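Student: Quick one: the structure is below, questions incoming.
The values are calculated or read from the model by the stated rules, or taken from the named source; none is laboratory data. Given the structure is predicted, the values throughout are model-derived calculations rather than measurements. Here the Cβ is made from the backbone with ideal geometry for all residues, glycine too, and neighbour counts use every protein chain on show.
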Amino acid sequence: MNLKKKLIVSVCIVAAATIALTAWLLRPEEEDVFYPTVSVVPVTTQNVEIYGEYVGRIRAQQFVEVRARVEGYLEKMLFAEGTYVHKNQVLFIIDPRIYKAKADKAAAKLKKDEALALKAKRDLERIRPLHDQNAASQLDLDNAIATYESAAASVSMSKADLMQADMELSYTTVRSPISGHVSERHVDIGTLVGPGAQSLLATVVKSDTVRVDFSMTALDYLRSKERNVNLGHKDSTRSWDPYITVTLADNSIYPERGLVDFAEPQVDPKTGTFSVRAELANPDHVLLPGQFTKVKLLLDVREDAIVVPDRALVIEKGGAYVFVVRPNGRVEKRFIELGPEIGNNTVVERGLVTGERVVVEGYHKLTPGMEVTVVDASEAYPDKAQK
């Protein structure tokens, strides 16, 4: 009896173990929880410089035409074409003989008139005391006064004629009105030049400093006014000034910067633009007057602007949005208002605050509220983040 009970108990134990083992082997496998991995970057602020690009034309600070002011045959040219000349340096000589003769004639006439005036003065000084003593008539006195005044007037006219003759004689020596580089001559030696003939002899260009002319749209003007930027007027309350940089023909950047010093006060109704001028140094004469170039103008500086990488943006018909990772590890679809694009970044006007984390890679597989695994983009792609 005891043996039979022990056998029954043993069978029950083996059956229970078999059932438990079968149940464990046939249990459903637990499903692994999957969290998408995304790369994020923190939202930061920085001072953003906003530029406009235009087509500009270089012109010299001064461009002076050297012209003959008197008529005559060109005798000499005293400069090398294309060289640097100084102010008042002699450039040309026009045959001076006829003007020298006129000046000598005017000087001789002045000398004669001065002699006649001196005689008339002495005659007047002799007659006046006699008239006072009733030894000379009033008519004699009046004639002496008239003769003296006429002689004095002749002296004044002769002095004016001599001054004019000397001036015309001086014009036969043609000098440079400014310092700068002189062009090739426009006339040959022996040519008849003058106001009534060929008057243009050469040009002198002062290009140590050049001016850049370009046109801006009325929209650019309105945007600058929104930021209290008055182009062409220096503002001491601003920490920056609207400067320009110039791109040369080989796509290199000219090292000197220029400042905008003038803006046209009205818009051209035909083009909808207004003219702007900047001035910049040209010590090595790299920039040539008449040259077209690309102009990049600093229009605005946005202090402490919120920027995000372009690769974090999703743009659809309804607007632009980003995925923001909340502190609890879940993502939020956040619509934002975009500002200007700066390189590979874009300014965000509204919708984000500093310190939030936005998804830059992996947002295509996300839905709002989904929990994600976060990887810092600067750690996953240090080179890309640094760039």
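Student: Of a type in the set (D, E, K, R) and in contact with a strand residue (DSSP E or B) (Cβ under 8 Å, 6 or more places away or on another chain) - does that describe any residue in segment 262-275?
Tutor: Checking segment 262-275: at least one residue is of a type in the set (D, E, K, R) and in contact with a strand residue (DSSP E or B) (Cβ under 8 Å, 6 or more places away or on another chain).
Student: Another question about this same structure. Looking at segment 153-194, which of its residues are under 14 Å from Ile94 (Cα atoms), of a type in the set (A, V, I, L, M) and surrounded by fewer than 18 Cβ atoms within 10 Å (Cβ to Cβ)?
Tutor: Once the filter is applied, which keeps residues that are under 14 Å from Ile94 (Cα atoms), of a type in the set (A, V, I, L, M) and surrounded by fewer than 18 Cβ atoms within 10 Å (Cβ to Cβ), segment 153-194 yields Met167, Ile189, Leu192.
Student: Also, quick follow-up: Looking at Gln46, Gln62, which one is in contact (Cβ under 8 Å) with a residue 60 or more places away in the chain and either surrounded by 19 or more Cβ atoms within 10 Å (Cβ to Cβ) or farther than 30 Å from Gly355 by Cα (or both)?
Tutor: When all the criteria are applied, what remains is Gln62.
Student: For Val324, state whether it is in contact (Cβ under 8 Å) with a residue 60 or more places away in the chain, assigned by TED's automatic domain parsing to the domain that holds Gly362 and out of contact with any helix residue (DSSP H, G or I) (no Cβ under 9 Å at 6 or more places or on another chain).
Tutor: no
Student: Now a separate question. Any residue that is of a type in the set (Asp, Glu) and either over 30 Å from Gly362 (Cβ atoms) or at pLDDT 85 or above (or both) - is there at least one of those in segment 29-50?
Tutor: Looking through segment 29-50, at least one residue is of a type in the set (Asp, Glu) and either over 30 Å from Gly362 (Cβ atoms) or at pLDDT 85 or above (or both).
Student: Next question, about the same structure. I'd like the residue in segment 283-301 that is under 19 Å from Val260 (Cβ atoms) and of a type in the set (D, E, K, R) and, out of all such residues, is farthest from the chain's Cα centre (by Cα).
Tutor: Step by step, filter segment 283-301, then rank; the result is Asp300.
Student: With the checklist (1) under 26 Å from Asp208 (Cα atoms); (2) assigned to a strand (DSSP E or B) in hand, flag the one item Lys76 doesn't pass.
Tutor: Answer for Lys76: the failing condition is (1).
Student: From the list Leu118, Leu141, which one is more than 21 Å from Glu71 (Cβ to Cβ), at pLDDT below 90, among the aliphatic types (A, V, I, L, M) and out of contact with any Cys (no Cβ under 9 Å at 6 or more places or on another chain)?
Tutor: Answer to the check: Leu141.
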